[in-house]
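The values are calculated or read from the model by the stated rules, or taken from the named source; none is laboratory data. Since the model is a prediction, treat every value here as computed from it, not as a measurement. All Cβ positions, even for glycine, are placed from backbone atoms using ideal geometry, and neighbour counts span all protein chains on display. Quick note on the areas: whole protein, heavy atoms, side chains included, nothing else; ligands and nucleic acids left out. Shrake-Rupley method; radii C 1.70, N 1.55, O 1.52, S 1.80 Å.
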Amino acid sequence: MDVFRALVLGVVQGLTEFLPISSSGHLRIVPALLGWDDPGAAFTAVIQIGTLAAVLAYFRDDIRRIGRAWTRSLGGGRRGDLDARMGWMMIAGTVPIVVCGLAFKDQIETTLRSLYVVAGAMIGLALLLALAETRVRLQVRTGRPQKDLKDITWTDALVTGLAQALALVPGSSRSGVTIMAGLFAGMSRETAARFSFLLSLPSVLAAGIYQLYRARGELMSTQDDVMALAVATLVSGVVGYASIAFLLRYLKTHTTMIFIAYRLLLGGLIFYWLSTGRLQS
């Protein structure tokens, strides 16, 4: 992979990691449209470390506070404290995606990268997200309060963690499935997005380190490969930071309908391009 391709893929990763439109799906679609080789699941996982750094930078105060409270809870501090509880919830919510990732790693790296799967996941999650938006509108119409971070229960965290495991399917979107689960749990759109970003930290870090170690020979076989990987990771972090800021502001006053429409349109286009031979699955 040359530096130009790495730059393009880094921008794609940064733009799509936090928007509910699937970064792994776009990292499969964009190279296919441009006639490039599939960068692979390992490359995709490693450059997510850049967007992980974006989350750490954007939520640095929250993460520092949660980390301190969680550490104190290990020594007998108050586990009922909001920040300590959030730390434990982030860990518990990560277990499902780790278990499923290890159990289905061969399928994730091969058959599930089919563009038919990506297109189906694009459309399927769009429909589920539309149902979640319908629930939110009903909740607002009936005057029921929406949950803030302090209102998130263990059940909410575990259900959102289970939903996060669906993100292993390219095209589904990790932020999309967790925001969807948060909306079904009664969270406000902004709260669902914030919890989604915080929940991503352990799983993205684990996946990135695992794939970097496992595929280090392939990913860093030459100096050019190392440079490309570094460029893609750095660019994804810078663009990802801007994407977080945008989405949190956007969801304060808007629904996710624009992302739902985009997913439906792109999923339909992929199926069309596959049927006409424009893309190969």
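For the range 7-142, a simple Cβ point-charge model (Lys and Arg +1, Asp and Glu -1, everything else neutral) yields a dipole of about 720 debye relative to the Cα centre.
If you wrap the tightest convex hull around every Cα atom of the range 128-264 and split its volume per residue, you get 122 Å³. For the range 201-275, the calculated P(r) over all alpha carbon pairs, in 10 Å bins from 0 to the bin holding the longest distance, is 14, 26, 30, 26, 3 percent. Between the listed residues Gly76, Val46, Leu198, the Cα displaced farthest toward the positive end of the dipole of the chain, a dipole computed from Cβ unit charges relative to the Cα centre, is found at Gly76.
When the Gaussian network model of the chain links Cα atoms closer than 10 Å, the mean-square fluctuations of Thr178, Thr44, Thr142 top out at Thr142. The trypsin sites (Lys or Arg not before Pro) of the range 246-281 meeting both criteria, a DSSP state outside H, G, I, E and B (loop) and at most 13 other C-beta atoms within 10 angstrom of the site's C-beta, are Arg278.
Once the 1.4 Å probe is applied to the protein heavy atoms, the chain comes out at 45 Å² accessible per residue. Toward the positive end of the charge dipole of the chain, with +1 on the Cβ of Lys and Arg and -1 on the Cβ of Asp and Glu, the farthest Cα among Ala103, Tyr58, Leu266 is that of Tyr58. Both radii are taken from the alpha-carbon atoms of the chain; with Rh as the Kirkwood radius, Rg/Rh is 0.97.
In order along the range 137-147, the Karplus-derived 3J(HN,Hα) couplings, from 6.51 cos²θ - 1.76 cosθ + 1.60 at θ = phi - 60°, round to 4, 5, 4, 5, 5, 8, x, 6, x, 8, 6 Hz, and Gly and Pro are given as x.
Taking a ≥ b ≥ c as the square roots of the eigenvalues of the Cα gyration tensor, the range 59-143 is classed as oblate, since a/c reaches at least 1.5 and a/b does not exceed b/c. Sorted largest first, the spans of the alpha carbon positions of the range 1-144 along the three principal axes are 55, 42, 30 Å. Summing Cβ point charges (Lys, Arg +1; Asp, Glu -1) relative to the Cα centre of the range 111-248 gives a dipole of roughly 460 debye.
As a fraction of the 1.4 Å probe accessible area of the range 123-276, surface on carbon and sulfur atoms comes out at 69 percent.
Tell me what the chain gives for mean residue ellipticity at 222 nm when only DSSP H runs of n ≥ 4 count, each as -39,500 (n - 2.57), the sum divided by the residue total, rounded to 500 deg cm²/dmol. Please report the intermediate quantities before stating the final value.
Values: 13 runs with 217 residues, N = 281.
-26000 deg cm²/dmol, from helical runs alone.
With the simple model of a label 7 Å out from the Cα in the direction of the Cβ, Thr153 to Phe104 spans 2.7 nm. Shown are Val177, Val140, whose ranking by accessible area with a 1.4 Å probe and every protein chain present, most to least, is Val140, Val177.
Remark: the chain carries a charge dipole of roughly 1020 debye about the Cα centre, counting +1 on each Lys and Arg Cβ and -1 on each Asp and Glu Cβ. The stretch between Asp61 and Leu248, if pulled fully straight at 0.36 nm per residue, gains 65.7 nm over its current Cα-Cα span. Relative to one another, the C-alpha centroids of the range 125-164 and the range 30-73 are positioned 24 Å apart. At full extension, Val140 and Thr255 could sit 40.1 nm farther apart than now, given 0.36 nm per residue minus the alpha carbon distance.
In the range 8-94, the portion of solvent-accessible area held by carbon and sulfur atoms comes to 58 percent [1.4 Å probe, whole percent, DNA, RNA and ligands not counted].
When the Cα positions of Leu7, Ala157, Val235 are compared along the charge dipole of the chain, Ala157 comes out farthest toward the positive end, with charges on each C-beta of Lys, Arg, Asp and Glu.
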